[in-house]
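Q: Below are the structure tokens for one structure; questions will follow.
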Amino acid sequence: MTTAQPAMNTGPGPEAVPGAGPRRRLPSARHLVLAPLSLLMVVPFVYMLGASVMTKAQLNRFPPPLFPTRLHLNGYQELLSDSEFPRWFLNSVIVSGAIVVSQVVLCSMAGYAFARLRFVGRRVALVLVIATTLIPFQLTVIPTFLIFHKLHLIDTLGALIAPQLASALGVYLMTSFFQNFPRELEEAARIDGCSRWGVFFRVVLPVARPALAALAVITFIYAWNDLFWPLVAISSKENYTVQAGLASFQGQHRADWPQIMAGTVLTTVPVLIVFLVGQRRFVQALAGAVKG
């Protein structure tokens, strides 16, 4: 008596099944377009970094070398020892930090008021706030200068901070976010006994962290890179920000390109750090705004 042998599986193995195993995504047409564009954006930063560690003789050649043969840190040493760059850097940190904190607080409060509170003229007031973005700052620089001159704030860091305590862009961003915020969470907190301020600080703000991070990133980049108003409002060299300081420094040392490039590198680093740290929150806020 013979026993039946189990049927052998002669079909294709798992490795032969179409779709089995990890799939490799091939580059799409968008990648073929974005890759060269990314290189075009990166090349100036790479050359700026390389030029900051070159010598004057290397940069004065024609054409100048693309990459340094040796690392020369004379530009950084002269910048930090022979100029007031550390003071300018500290001034920029103080001004940008104060502006970011004030805009996050004031714009979030204003945006929540426009989105949730009902008062006479709410829509008109919001339209007027947004309409101020259509007015170039160059048209209001003389009245602004006269106001701060009367307040004795010219040539102080307060003159750089006060005009940017709040912004129409920040108010609009936070208003758009709070209009899409679920009211059920606020109503549940009100039923539990929270006041309006308690709902705002304990329920709304923790959920609004992506929008707050996006506002903080945008505000910091704008405040850090601002050059026009510091040149108008500041006359003392010790009160310069890094942008105003580098502008005056470049005028005095036109031939010392390693020193200028070193200052540009040190000025760019904080912006890159802030953007990389807040990139995920920034993208989340923009995605939420598009869905809204």
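Q: Take region 167-187 and flag every residue that is open to solvent by less than 50 Å² (accessible area, probe 1.4 Å) and of a type in the set (A, V, I, L, M). Reasoning before the result, please.
A: To start, the set of residues in region 167-187 that are open to solvent by less than 50 Å² (accessible area, probe 1.4 Å) comprises 167-168, 170-171, 173-176, 178, 181, 186.
Answer for region 167-187, where residues must be open to solvent by less than 50 Å² (accessible area, probe 1.4 Å) and of a type in the set (A, V, I, L, M): Ala168, Val171, Leu173, Met174.
Here is a yes/no grid of residues against (1) out of contact with any helix residue (DSSP H, G or I) (no Cβ under 6 Å at 6 or more places or on another chain); (2) modelled with pLDDT of 95 or more; (3) more than 25 Å from Gln179 (Cβ to Cβ); (4) hydrophobic (A, V, I, L, M, F, W, C):
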site	(1), (2), (3), (4)
Arg61	yes, no, yes, no
Leu79	no, no, yes, yes
Asp82	yes, no, yes, no
Val101	yes, yes, no, yes
Ile130	no, no, no, yes
Leu134	yes, no, no, yes
Gln138	yes, no, yes, no
Pro143	yes, no, yes, no
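Q: How many residues, within region 95-115, are within 23 Å of Glu187 (Cα to Cα) and crowded, with 18+ Cβ neighbours inside 10 Å? Steps first, answer last, please.
A: Let us first name the residues in region 95-115 that are within 23 Å of Glu187 (Cα to Cα), namely 105, 107-115.
Then keep just the ones that are crowded, with 18+ Cβ neighbours inside 10 Å; that gives 107-108, 110-115.
Final tally of qualifying residues: 8.
Q: Residue pairs, Cβ under 8 Å, 6 or more apart or interchain, first in region 143-162 and closer than 19 Å to Ser102 by Cα, second open to solvent by less than 100 Å² (accessible area, probe 1.4 Å) and in a loop (DSSP other than H, G, I, E, B). List them.
A: Sorted first by the residue in region 143-162, then by its partner, the pairs are Phe148/Ile154; Ala159/Leu153; Ala159/Ile234; Leu160/Asp226; Leu160/Ile234; Leu160/Thr241; Ala162/Leu153.
Q: Could you list, in sequence order, the residues of region 212-251 that are acidic (Asp, Glu), under 21 Å from Leu139 (Cα atoms) and surrounded by fewer than 21 Cβ atoms within 10 Å (Cβ to Cβ)? Full working, then the answer.
A: Of region 212-251, the ones acidic (Asp, Glu) are 226, 238.
Next, from what is left, pick out any that are under 21 Å from Leu139 (Cα atoms): 226.
If the condition is that a residue be acidic (Asp, Glu), under 21 Å from Leu139 (Cα atoms) and surrounded by fewer than 21 Cβ atoms within 10 Å (Cβ to Cβ), then no residue fits.
Q: Now a separate question. Only one of (1) under 16 Å from Trp229 (Cβ atoms); (2) free of Cβ contacts under 8 Å to residues at least 24 places away in the same chain; (3) open to solvent by 70 Å² or more (accessible area, probe 1.4 Å); (4) not β-branched (Val, Ile, Thr) is not met by Gln138, so which one is it?
A: Gln138 satisfies every listed condition except (2).
Q: Do we have any residue at all in region 21-33 that's open to solvent by less than 60 Å² (accessible area, probe 1.4 Å), at pLDDT 80 or above and either farther than 30 Å from Pro163 by Cβ or within 22 Å of the chain's Cα centre (by Cα) (or both)? Explain how you work it out, then say what you get.
A: Residues of region 21-33 that are open to solvent by less than 60 Å² (accessible area, probe 1.4 Å), as a first pass: 21, 28.
Then drop every residue that is not at pLDDT 80 or above, which leaves none.
For region 21-33, residues open to solvent by less than 60 Å² (accessible area, probe 1.4 Å), at pLDDT 80 or above and either farther than 30 Å from Pro163 by Cβ or within 22 Å of the chain's Cα centre (by Cα) (or both): absent.
Q: Restricting the first residue to region 174-189 and requiring it to be in contact (Cβ under 8 Å) with a residue 40 or more places away in the chain and more than 19 Å from Ala216 (Cα to Cα), which pairs with a second residue that is open to solvent by 60 Å² or more (accessible area, probe 1.4 Å) and in a helix (DSSP H, G or I) meet a Cβ separation below 8 Å and a spacing of at least six or different chains?
A: Asn180/Lys291; Phe181/Val207
Q: Could you look through region 83-94, keep only residues that are open to solvent by less than 10 Å² (accessible area, probe 1.4 Å) and among the aromatic types (Phe, Trp, Tyr), and pick out the one that is farthest from Gln243 (Cα to Cα)? So that I can check it myself, show each step before the final result.
A: In the first step, residues of region 83-94 are kept if they are open to solvent by less than 10 Å² (accessible area, probe 1.4 Å); the result is 85, 88, 91-92.
Still in the running and among the aromatic types (Phe, Trp, Tyr): 85, 88.
Details: Phe85: 10, Trp88: 8 Å.
Looking at the filtered set, the residue picked out is Phe85.
Q: Name the residue that is nearest to Phe220 (Cα to Cα), counting only residues in region 52-76 that are open to solvent by 80 Å² or more (accessible area, probe 1.4 Å) and outside any loop (DSSP other than H, G, I, E, B). Step through it out loud before you land on a result.
A: Here is the first cut: in region 52-76, the ones open to solvent by 80 Å² or more (accessible area, probe 1.4 Å) are 56, 60-63, 66-67, 69-71, 73-74.
Then drop every residue that is not outside any loop (DSSP other than H, G, I, E, B), which leaves 56, 74.
On the way: Lys56: 33, Asn74: 30 Å.
This residue is Asn74.
Q: From the list Leu39, Leu49, Leu79, pick out the single residue that is part of a helix (DSSP H, G or I), without any contact (Cβ under 8 Å) to a residue 12 or more places away in the chain and not polar (S, T, N, Q). Don't jump to the end; show me each part of the working.
A: On the way: Leu49 fails: without any contact (Cβ under 8 Å) to a residue 12 or more places away in the chain; Leu79 fails: without any contact (Cβ under 8 Å) to a residue 12 or more places away in the chain.
Sole residue among the options that is part of a helix (DSSP H, G or I), without any contact (Cβ under 8 Å) to a residue 12 or more places away in the chain and not polar (S, T, N, Q): Leu39.
Q: Pick from region 188-211 the residues that are open to solvent by less than 30 Å² (accessible area, probe 1.4 Å) and within 16 Å of the chain's Cα centre (by Cα): which of them is modelled with the highest pLDDT?
A: Ala211
Q: Tell me yes or no: at least one residue of region 215-222 is assigned to a helix (DSSP H, G or I) and touching a Gly at 6+ places or on another chain (Cβ under 6 Å).
A: Residues of region 215-222 assigned to a helix (DSSP H, G or I): 215-222.
Applying the additional criterion that residues be touching a Gly at 6+ places or on another chain (Cβ under 6 Å) yields 215, 217.
Checked against the condition, which is being assigned to a helix (DSSP H, G or I) and touching a Gly at 6+ places or on another chain (Cβ under 6 Å), region 215-222 yields at least one hit.
The values are calculated or read from the model by the stated rules, or taken from the named source; none is laboratory data. Note that the coordinates shown come from a computational prediction; the quantities given were computed from them, not determined experimentally. Every residue, glycine as well, gets a Cβ built from its backbone with ideal geometry; the counts of neighbours run over all protein chains shown. Ligands, DNA and RNA are stripped out before the accessible areas are found, and what is left, the full protein with its side chains, is counted by its heavy atoms. Shrake-Rupley method; radii C 1.70, N 1.55, O 1.52, S 1.80 Å.
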